[in-house]
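Reviewing the structure listed below.
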Amino acid sequence: MIDKIKQLLKEVENFQITNKETMESLRLKYLSKKGILTDLFAEFKNVPNDQKKSFGQAINTLKNLVENKIKDAQEQLDNQNSAYAIYGDLTRPGFAQNIGGRHPISLVKNQVIDIFSSIGFNVSEGPEIEDDWHNFEALNFPAHHPARDMQDTFFVQTNPEYLLRTHTSSVQVRYMENNQPPIRTISPGRVFRNEAISSRSHCIFHQVEGLYIDKDVSFADLKQTLLYFTKEMFGKSKIRLRPSYFPFTEPSAEVDVYWGLKTETDYRITKGTGWLEIMGCGMVDPNVLKASNINPEEYSGFAFGMGLERMAMLLYQIGDIRMYFENDVRFLEQFKSNF
Ligand code: DAH
């Protein structure tokens with residue numbers, strides 16, 4: 001008899017409850033009125049007195065085992081349907097969503113685009129691998145101009161007719177080839193120069209080129225356009241134009257913005273003068289118009305070019321140009337909130 005109960009204990013132990021149905025079948029088999037335990041309790045009367053104790057203990061062990069097993073299974077089944085089982089701990093704080101942010105160069109580029117869009121400029125682009133014509137020749141670079149020197153330009157080794165553009169002025173030429181005046185366009189893009197990398201200069205950087213061609217465009221138009229830009233971009237309303245030289249403009253100028261001398265940083269970045277150089281500009285040289293089949297007798301225009309790295313350095317107080325290209329998240333994360 002005891003052996004039979006021991007076998008039943010094993011059977012119950014090994015019984016797998018996988019769902020409500022298997023749980024119910026275990027209950028019916030052992031605990032129902034016609035179940036095994038009812039029979040065993042009925043047999044208890046016929047057990048000889050000296051065996052009653054061990055027999056009774058064995059039946060109770062079996063009964064507890066079945067009952068506990070069913071109770072545990074019931075709890076587990078209940079849990080499976082609970083919110084806890086589905087969603088986990090609902091009081092747990094949420095996981096922070098790590099949102100991305102724009103690169104500071106993109107932020108500044110978009111700002112420049114917004115400002116010039118608001119006064120009628122469109123956005124144009126050109127290739128980063130350029131030919132000699134668009135990067136130099138059509139921009140009135142004399143044949144032996146030092147900027148063509150191997151020092152500055154990355155030429156394509158297998159065909160030095162091609163090079164990595166050294167400035168976005170090449171897009172001016174492409175735009176004039178394909179569009180008739182009036183022209184108002186800005187061309188943001190990446191440029192390349194064979195320069196030693198330091199905190200101040202890099203072999204890859206970004207420029208925005210501007211070109212405005214129409215009838216009777218004057219130097220005053222250029223100055224007012226740039227003044228509007230510096231007001232919008234930096235909130236500064238004083239600029240000065242210093243005479244300079246670029247092959248593709250005549251006259252040419254460098255634009256300084258009056259930054260002020262209020263803080264120690266102002267002193268540092270303006271070297272104590274209060275003035276900061278922000279771009280080059282000038283009236284488009286007639287030779288450049290001719291090279292792109294625009295009649296300089298009929299049309300005139302102005303052009304300007306600025307470096308985005310430098311502008312972002314000023315706006316965000318970035319001390320080292322190399323940071324733009326390192327993609328260190330600790331640097332990039334600081335610009336998340338800008339837009
Ligand atoms: N291309 C010049 C540079 O790389 C910048 C520049 C100066 C562009 C004067 C212009 C300009 O359009 O008129 O430094």
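The values are calculated or read from the model by the stated rules, or taken from the named source; none is laboratory data. Predicted model, so just to flag it, every value in this text is computed and none were measured. Note that each Cβ is placed from the backbone with ideal geometry, even for glycine, and that neighbours are counted across all protein chains shown. In case anyone asks, the SASA skips ligands and DNA or RNA and just uses the protein heavy atoms, side chains included. Shrake-Rupley method; radii C 1.70, N 1.55, O 1.52, S 1.80 Å.
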Please determine, by comparing only the residues of the stretch 148-163 that are in a strand (DSSP E or B) and in contact (Cβ under 8 Å) with a residue 12 or more places away in the chain, which one is surrounded by the most Cβ atoms within 10 Å (Cβ to Cβ). L163
When every residue in the stretch 164-193 that is more than 14 Å from the ligand (Cβ to nearest atom) and either assigned to a loop (DSSP other than H, G, I, E, B) or touching a helix residue (DSSP H, G or I) at 6+ places or on another chain (Cβ under 6 Å) (or both) is compared, the one nearest to M323 (Cα to Cα) is N179
For the stretch 196-205, name all the residues that are open to solvent by 40 Å² or more (accessible area, probe 1.4 Å) and part of a strand (DSSP E or B). I204
Let me spell it out: the conditions are (1) closer than 21 Å to L164 by Cα; (2) in contact with a Gly (Cβ under 9 Å, 6 or more places away or on another chain); (3) modelled with pLDDT under 95, and S199 meets all of them except one. Which number is the exception? (1)
Considering only residues that are at pLDDT 95 or above and in contact with a Ser or Thr (Cβ under 6 Å, 6 or more places away or on another chain), which ones fall in the stretch 202-237? Q207, E209, L211, V217, K231
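Each row is one residue, and each column tells you yes or no for (1) without any contact (Cβ under 8 Å) to a residue 40 or more places away in the chain; (2) within 16 Å of the ligand (Cβ to nearest atom); (3) of a type in the set (D, E).
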residue: H202; (1), (2), (3): no, yes, no
residue: L211; (1), (2), (3): no, yes, no
residue: E232; (1), (2), (3): no, no, yes
residue: P243; (1), (2), (3): yes, yes, no
residue: A253; (1), (2), (3): yes, yes, no
residue: K271; (1), (2), (3): yes, no, no
Residues satisfying the stated conditions in the stretch 304-338, i.e. under 18 Å from R190 (Cα atoms) and either within 16 Å of the ligand (Cβ to nearest atom) or of a type in the set (S, T, N, Q) (or both): F304, G305, M306, G307, L308, E309, R310, M311, I321, N327
